[in-house]
Structures are given as structure tokens and as C-alpha cells.
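Trainee: Just passing along the structure, written as C-alpha cells.
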Amino acid sequence: MTEWNFDTPTVLEGPIGDHRLFQFYRLNRALSVVMLYDGSYTTVRYEQDSELQNYPIVYRGGYHYTVDDATKAALINADIGITEENFTAV
């Protein structure tokens, strides 16, 4: 069984500030991926720590996780913006 490094998906967000020059710049913001109790996955953008305890599995945005083949397939098949590019072999 192969293990994979999983990086959570990101979105390009901007502008990054109030000054007019910041209108030209964007930052990648990481999304968190959570498993719902029905076994499906979804992304969460602005989660609070108190909300995360309500999910059976949480992949916090901006962190690296090691997952197996079955989890990789489930995340890709969830159709939430996760592709092969989010994974690298360990």
C-alpha cells in the first residue's frame, strides 16, 4: 500500500490590503478539508477550532498530511477541487 503526502487545496485571494498598490497582488489561501458523518468530504474556508471537533476527520488548511491509497481516492472522487496535484508519493 502506497502512502501519499497530501497538501490541502488553495484559492487565490486578493486584494491583500487597502492601499491601491495592493490591488495588483493576490495570495494563496489554504482550505481545510473535512469529512462529514455520511462519509463525504467538503472544504471549509473560515472554520473555528470549536467547529472542527464536530467532524470525524479534519485536514487543516496549510498543513501536510500522510494518507493511504483509499483516502487519496476518496478525496479525489469527492469532487471538491482536489486532484492528483495535491499528492506526492512518500
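The values are calculated or read from the model by the stated rules, or taken from the named source; none is laboratory data. Source: prediction; values computed, not measured. For neighbour counting, all protein chains shown are included, and Cβ atoms are generated from backbone atoms with ideal geometry for every residue, glycine included.
Trainee: Within region 60-71, how many residues are over 18 Å from residue 10 (Cβ atoms) and either of a type outside the set (D, E, K, R) or assigned to a helix (DSSP H, G or I) (or both)?
Mentor: Looking only at that region, the number is 4.
Trainee: Another question, if that's okay. For the condition in a helix (DSSP H, G or I) and among the β-branched types (Val, Ile, Thr), what is the one hit in 76, 80?
Mentor: Selected residue: 76, the only one of 76, 80 that is in a helix (DSSP H, G or I) and among the β-branched types (Val, Ile, Thr).
Trainee: Kindly check whether there is at least one residue in region 3-16 that is hydroxyl-bearing (Ser, Thr, Tyr) and within 13 Å of the chain's Cα centre (by Cα).
Mentor: Checking region 3-16: at least one residue is hydroxyl-bearing (Ser, Thr, Tyr) and within 13 Å of the chain's Cα centre (by Cα).
Trainee: Just a yes or no: is a residue in region 69-83 at pLDDT below 95, in contact with a strand residue (DSSP E or B) (Cβ under 6 Å, 6 or more places away or on another chain) and not β-branched (Val, Ile, Thr)?
Mentor: No: zero hits.
Trainee: Look through region 15-38, keep the residues that are touching a residue at least 24 places away in the same chain (Cβ under 8 Å) and small (Gly, Ala, Ser), and return whichever of them is nearest to residue 67 (Cα to Cα).
Mentor: 32
Trainee: Surrounded by 11 or more Cβ atoms within 10 Å (Cβ to Cβ) and touching a residue at least 24 places away in the same chain (Cβ under 8 Å): is that true of residue 63 in this structure?
Mentor: yes
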